[in-house]
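See structure below.
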Amino acid sequence: MIERVLPPGVASAWTARDPEVRLFPEETARIEGAVPSRRREFATGRHLARTALARLGVPAAPIPTGDRGQPLWPDGLTGSITHCKGYRAAAAARRDRFRAIGIDAEVHLPLHDSLIGTVLLPEEQADLARLAGEHPGLHWPAIAFSAKESLYKAWFTLTERWLGFHDARLRFDTVHGVGGSFTADIRVSAQTIGGTRVPPFAGNWHTDGSVIVTAVTAE
Ligand SMILES: CC(C)(COP(=O)(O)OP(=O)(O)OC[C@H]1O[C@@H](n2cnc3c(N)ncnc32)[C@H](O)[C@@H]1OP(=O)(O)O)[C@@H](O)C(=O)NCCC(=O)NCCS
C-alpha cells in the first residue's frame with residue numbers, strides 16, 4: 001500500500017513479515033538490550049530502507065539512529081520508516097527532489113476515546129465527524145492520528161524540532177474511496193528555520209481495511 005501514498009520520485013518497500021537481517025555495527029547499538037520483537041522490527045525497517053535506497057541506485061550503507069530516534073540517512077538522501085502490527089515500510093528519496101518524508105502505518109481500528117482530545121483540535125474533530133457521515137466505515141480519527149505521525153517525522157527531518165499534536169491543523173481535501181489527500185497547516189511561531197521558510201506539507205492516506213498508511217512529503 002505504501003506506494004499508493006507516495007509521489008513519483010520516492011522509492012519504497014514494505015513487508016508483512018520480519019526476514020532474517022544483518023545490521024551494520026553502527027546500527028546495532030540502538031537495539032542492544034531491546035526485546036526480540038523490537039529488535040526484529042528495527043532490523044526489518046533497516047532492511048526495507050536499504051531496499052528503497054537500492055531502488056534509487058544507492059549501495060547498501062548504515063542508517064544509524066539520531067539522538068531523537070530519527071534515522072540518519074546517507075548524504076544526499078532522506079526517508080522514513082514505520083512499523084505496526086503486520087506491516088512494515090520504508091521510503092527514501094534524493095534530497096534534491098524531496099527535503100523530507102514522513103510515513104506512518106497504523107492498524108485500522110478506532111482511536112481510543114481518551115486520545116481524541118489529545119491528538120485532534122476541536123475543528124479537526126468537527127471535520128472528521130462530517131467526513132464520517134459522508135464516508136462511513138472508516139476510522140477517521142485513526143487516519144488523522146497516522147497523518148500527524150507522518151507529519152511529525154517529515155517536520156522533524158526538516159527542522160529537528162518537536163511538534164505537538166495541537167501544533168498542526170489537518171485538512172482532508174479529497175476523498176476517493178479508501179484513500180485521499182490532506183494538507184497540514186503548521187501553527188508554530190517559528191515558520192522560518194535557518195532562513196528558509198518551512199514549505200507546505202502535503203500528504204496522502206490509504207487503507208485496505210486492516211492497516212492505514214499515510215505519507216507526508218516536503219519539497
Ligand atoms: C516518533 C513517532 C512519530 C513514531 O511513530 P510511531 O507510530 O510510534 O512508530 P512508527 O513505527 O510508525 O515509527 C517509528 C520510526 O519512526 C522513526 N523516527 C523516530 N523518531 C523520529 C524522529 N524524531 N523524526 C523522524 N523519524 C523518527 C524511526 O525510524 C522509528 O523506527 P526505528 O526506531 O525502528 O528506526 C511517535 O512515537 C511520536 O513521538 N509522536 C509524537 C509526536 C507527534 O506525532 N506529533 C504530532 C505532530 S502534528
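Each reported figure results from applying straightforward, stated rules to the coordinates on display, with no laboratory input. Only a predicted model underlies this, so the values are computations on that prediction, with no experimental measurement involved. Note that we place each Cβ from the backbone using ideal geometry, even for glycine, and neighbour counts take in every protein chain shown.
Brief remarks on what is shown
- Relative to the dominant Cα principal axis of the chain, helix 122-134 is inclined by about 80°.
- Convex hull volume of the range 104-218 per residue (C-alpha atoms, cubic angstrom): 92 Å³
- Ranking Val21, Thr159, Ile116 by how far each Cα lies toward the positive end of the dipole of the chain (charges on Cβ) leaves Val21 at the top.
- Between the range 136-167 and the range 35-49, the alpha-carbon center distance in angstrom: 22 Å
- ³J(HN,Hα) computed for each position of the range 99-107 - Karplus, 6.51 cos²θ - 1.76 cosθ + 1.60, integer Hz, glycine/proline x: 7, 7, 9, x, 10, 8, 10, 9, 5
- Taking the average, over residues, of other Cβ atoms within 10 Å as the packing measure, peptides 104-114, 22-32 rank 104-114, 22-32 from highest down.
- For the residues Ala92, Ala142, Ala61, a GNM of the chain with alpha-carbon springs under 10 Å puts the largest fluctuation on Ala61.
- Charged side chains reduced to their Cβ positions (Lys and Arg at +1, Asp and Glu at -1) give the chain a dipole of some 500 debye around its Cα centre.
- Altogether, the Stokes-Einstein calculation at 10 °C and 1.306 mPa s, with the Kirkwood radius of the chain over Cα pairs as Rh, returns a diffusion coefficient of 90 µm²/s.
- Between Val35 and Ala60, the contour length at 0.36 nm per residue exceeds the alpha carbon distance by 6.4 nm.
- Fully extending the segment from Ser114 to Arg130, taken as 0.36 nm per residue of separation minus the present Cα-Cα distance, adds 3.7 nm.
- Selection from Gly33, Val5, Leu53, by position along the positive dipole direction of the range 2-101 (Cβ): Val5
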